[in-house]
1. Can you list residue pairs whose Cβ atoms sit under 7 Å apart, with the first residue in the range 1-30 being without any contact (Cβ under 8 Å) to a residue 12 or more places away in the chain and the second being outside any strand (DSSP E or B)? Count only pairs 6 or more apart in sequence or on different chains.
2. For residues in the range 78-113 being in a loop (DSSP other than H, G, I, E, B) and without any contact (Cβ under 8 Å) to a residue 12 or more places away in the chain, which is farthest from the chain's Cα centre (by Cα)?
3. Being within 21 Å of residue 196 (Cβ to Cβ) and outside any strand (DSSP E or B) is the filter; apply it to the range 114-137 and report the residue that is modelled with the lowest pLDDT.
């Protein structure tokens, strides 16, 4: 199912429809400030396993990021952040970054893993943020990819995304043309290290 949302005039009824699908364990494709992403309710184990199947891995091997609505929402999933790191996050988010931070015990409990880190995203995209706000907890998410795990040009067009992925997800949100630029991945678990340079620039 493909539904269009005007990012400049967001229809809350569609946001609620997306949230209802997430709460029932469904997968949705939605726009971010980088590439289109596929996500599920972080609190739904069945949905997490389904998302892992999409990636072709077991849940404990999946490397999902979580999308939060704002910095206050990350406290349940991230251990104490020092002042310099907080200032960096506060300056950079919302924005096209994935920050790797030290995870609380909530993260391995949800992902059936011993992982000690978690990637946090707060994208500068009102559609994505409204979905998470209405959901009341983060989404687990990964970028759209093909069988070779590459981001392809056709992933920027919601109609092409619909043709390719409609049978794999429960809802596709058309929020306009996407981007091919990935987020910049910044590891903040031991200082600040750029793991992948994407569209975001750390100042």
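1. Qualifying pairs under 7 Å: 11/5.
2. Of the range 78-113, the ones in a loop (DSSP other than H, G, I, E, B) are 79-82, 93-96, 104-105, 112-113.
Imposing the further condition that a residue be without any contact (Cβ under 8 Å) to a residue 12 or more places away in the chain reduces the set to 80, 82, 105.
Details: 80: 22, 82: 24, 105: 20 Å.
Applying the filter and picking the extreme gives 82.
3. Residues of the range 114-137 that are within 21 Å of residue 196 (Cβ to Cβ), as a first pass: 115-125, 128.
From what is left, the residues that are outside any strand (DSSP E or B) are 115-116, 122-125, 128.
Details: 115: 83, 116: 89, 122: 97, 123: 96, 124: 95, 125: 95, 128: 96.
The qualifying residue modelled with the lowest pLDDT is 115.
Quick grid of which residues meet (1) out of contact with any helix residue (DSSP H, G or I) (no Cβ under 8 Å at 6 or more places or on another chain); (2) touching a residue at least 40 places away in the same chain (Cβ under 8 Å):
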residue	(1), (2)
160	no, no
163	yes, no
168	no, yes
172	no, yes
177	no, no
180	no, yes
185	yes, yes
195	yes, yes
201	yes, no
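Residue-by-condition table, conditions (1) modelled with pLDDT of 95 or more; (2) out of contact with any strand residue (DSSP E or B) (no Cβ under 8 Å at 6 or more places or on another chain); (3) surrounded by fewer than 13 Cβ atoms within 10 Å (Cβ to Cβ); (4) within 23 Å of residue 124 (Cα to Cα):
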position	(1), (2), (3), (4)
60	no, yes, yes, no
63	no, no, no, yes
68	yes, no, no, yes
75	no, yes, yes, yes
78	no, no, no, yes
82	no, yes, yes, no
86	no, yes, no, yes
94	yes, yes, no, yes
106	no, yes, no, no
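The values are calculated or read from the model by the stated rules, or taken from the named source; none is laboratory data. Keep in mind it's a predicted model, so treat the numbers as computed, not measured. Because the Cβ atoms are built from the backbone with ideal geometry, glycine has one as well, and the counts that use them run over all protein chains shown.
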